[in-house]
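Student: I'd like to ask some things about the structure below.
Derivation of every value follows stated rules applied to the coordinates shown; laboratory data play no part. These numbers were taken from a predicted model, which means no experiment stands behind them. Here the Cβ is made from the backbone with ideal geometry for all residues, glycine too, and neighbour counts use every protein chain on show.
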Amino acid sequence: MPQLARLDGRLARSARTRRAVVDALLDLLGEGDLRPTAARIAERAGVSLRLVFHHFDDLEEIYSELADRQA
């Protein structure tokens, strides 16, 4: 059971990070930055650039998740 709890914690942390990255993109777009770089998104999300690309293959995937959320 402790291993399951640890896995659940990792999944929750992963979901929070993905949400923070997409939220950061939405914020930047809302502020008029219509082509934010991955570095700007990472900075706004409070995560490293490496972590952004750990969770997303490319910027298009972040935009796709944002579109899915908005739909």
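Student: Listing Leu51, Leu28 from the residue with the fewest other Cβ atoms within 10 Å to the one with the most, what is the order?
Tutor: Working: Leu51 15, Leu28 19.
Final ranking by Cβ density, sparse to dense: Leu51, Leu28.
Student: Let me ask something else about it. Could you give me the percent of Cα pairs per 5 Å distance bin for the stretch 2-70, shortest bin first, beginning at zero and ending with the bin that holds the maximum distance?
Tutor: Going from the shortest bin to the longest, the percentages are 3, 18, 28, 24, 13, 7, 5, 2, 1, 0.
Student: What number, in percent, do you get for the relative contact order of the chain if the mean sequence gap of Cα pairs under 8 Å and at least 6 apart is divided by its residue count?
Tutor: On the way: 39 pairs, mean separation 22.2, N = 71.
Computed value for the chain: 31 percent relative contact order.
Student: Could you go through the stretch 12-23 in sequence order and give the Karplus-derived ³J(HN,Hα) for each residue, using 6.51 cos²θ - 1.76 cosθ + 1.60 with θ = phi - 60°, rounded to whole Hz, and x for Gly and Pro?
Tutor: 5, 5, 4, 5, 4, 5, 4, 4, 5, 5, 5, 4
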